[in-house]
Amino acid sequence: MELFSGLRRLLSRRIRTGSRGLSTEREKVFGGQPQDAEKLYGGNRLEDYSDTETAQFSFFTTRLDSVIHASSINSLALIYGPLHALLDCGEHDGIWWLDVTDPSDGDIELLSRLFDIHPLTTEDIKIRETREKIELFGPYYFLSLRPPQQAEDAPGARTSGCNVYAIVFREGVLSFTFGSSPHTSHVRSRIKDHQSHLFLTSDWISYALIDDIVDGFAPLINRVEASVETMEDSVSITRPDDIGLALKQIYTSRRQVLQIRQLLNDKTDVIRCFARHCDSLGSTNEVVSYLSDIQDHVLTMVSNLAHSEQRLSRSQDKYLSQLSFDSTRMRNQIVATLSRLTVIASCIVPMQIITGLFGMNVMVPGKNSEGLGWWFGILGVILAIIGLSLAIARRNRFL
């Protein structure tokens, strides 16, 4: 409680005086209700705390055993007192990591002024720049990576998502994520699992972010490969009515393969640029070896995707060949049926001449005869001619 009382007096004095404390802007950051801050303390140590169900600000430091969550930078500063010195003059004892989820433009502008971020970096984060890159800006380097996006199930839906942005200083990392991105929490869990033997640096955190984002492509690639296996096995047993559906699935899979390859190729360029500037960035040899491992992993994924693309291309050719064969066979059957109908019609239609001759309103043979002899005779002649014509057509293979 003595620590809390001293912190409350310090905040009150800085807010009242203004000239001897923080600037007006930082007073807005640190100004808060001490009563709320008192509720955030549990006993003699800090506990994990979140003001809302989905925390917006998460702060990790090697000085604490847990991660602090809060809904605003104000609440975060009240929870953890040393954060004042970090935001005021950039000084902090140990490695730190401030992760901001779904920040507003005002949050981005505020943090940019507090950490002296270059306007170009601020603009890229505010406009959600999709290009993956790494840029050097004096005391920090800016890392922009696009995470894997799950394909939408709705017809005509397009994948969407925002990059993960990290501003890496020598002693800490400031990251921005948008939407439901699990990568930062995965990295924090990884740090917790290996904290006993891990030499943590800000470069290692940026490496871990890249590694986790790259690993996120593995389930997508596995699903594509399983789909390719299924389509290859179904080529010989697919019914003609289902070929159109199979071709649609192949088109969807090939589009996913192209999207994943494009994202992985962009990450290859980022990793290569990162490794090339390791000396100027002050990275350790351990981080360089980690980057080489990620690059090998990416190349393996790209190779697997290229193989899947070839298999999809072969399956598409097989389905198209089968579709062409079925179409040709159906067309030949239709032509043969029409030919038979034409021959039959050619044999029957001329018989109308005979019926027409005997149906004229003039004197015709057998008109005044009694009985049905003439009628059966005419019918027999007609049937005989039709039968003879069909026999000749069958003999000549017209039927």
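Structure notes:
- Annotation note: GluC sites (Glu not before Pro) in region 49-134 located in DSSP loop regions with a Cβ neighbour count of at most 15 within 10 Å are GLU53, GLU91.
- Net charge of neighbours whose Cβ lies under 12 Å from the Cβ of ILE294, counting Lys and Arg as +1 and Asp and Glu as -1: -3
- Sulfur and carbon atoms: percent of accessible area, region 350-399 [1.4 Å]: 66
- Förster radius 41 Å - calculated FRET efficiency between ASP296 and ARG63, Cβ distance, rounded to 0.05: 0.70
- Of the residues PHE217, ALA275, VAL335, the one whose Cα sits farthest toward the positive end of the charge dipole of region 210-340, with +1 on the Cβ of Lys and Arg and -1 on the Cβ of Asp and Glu, is VAL335.
- 3J(HN,Hα) couplings calculated from phi for region 113-122 with the Karplus curve 6.51 cos²θ - 1.76 cosθ + 1.60 (θ = phi - 60°) are, in sequence order, 6, 5, 9, 6, 8, 5, x, 5, 5, 4 Hz; Gly and Pro show x.
- Residue-by-residue Karplus 3J(HN,Hα) for region 189-206, coefficients 6.51, -1.76, 1.60, Hz, glycine and proline x: 5, 5, 5, 5, 5, 10, 5, 5, 10, 9, 8, 7, 9, 5, 5, 5, 5, 5
- Label-point separation, LEU320 to LEU200 (7 Å along Cα→Cβ), nm: 5.4
- Inter-part distance where region 175-190 and region 305-369 are each reduced to a Cα centre, Å: 66
- Probe 1.4 Å, accessible area per residue of region 306-399, Å²: 76
- Each peptide in 385-393, 290-298 receives the mean, over its residues, of other Cβ atoms within 10 Å, and ordering these scores from highest gives 290-298, 385-393.
- Long-range HN-HN contacts of CYS162 with modeled amide H, under 5 Å: none
- Amide H within-cut-off set for SER175, under 5 Å, with H built and near neighbours excluded: LEU98, ASP99, VAL100, ILE167
- Whole-percent pair-distance distribution, where bins are 10 Å wide, for the alpha carbons of region 297-399: 12, 21, 16, 13, 10, 8, 8, 6, 4, 2, 0
- Remark: region 340-345, residue by residue, has Karplus-estimated 3J(HN,Hα) of 5, 4, 5, 5, 4, 5 Hz, where x stands for each Gly or Pro and the curve is 6.51 cos²θ - 1.76 cosθ + 1.60 at θ = phi - 60°.
- Region 173-282, dipole about Cα centre (Lys/Arg Cβ +1, Asp/Glu Cβ -1), debye to the nearest 20: 260
- Average accessible surface for region 65-126: 37 Å² per residue, computed with a 1.4 Å probe over protein heavy atoms with every protein chain in place.
The values are calculated or read from the model by the stated rules, or taken from the named source; none is laboratory data. No experiment lies behind these values; they were computed from the predicted model shown. Neighbour counts run over all protein chains shown; Cβ positions are idealised from the backbone, glycine included. Ligands, DNA and RNA are stripped out before the accessible areas are found, and what is left, the full protein with its side chains, is counted by its heavy atoms. Shrake-Rupley method; radii C 1.70, N 1.55, O 1.52, S 1.80 Å.
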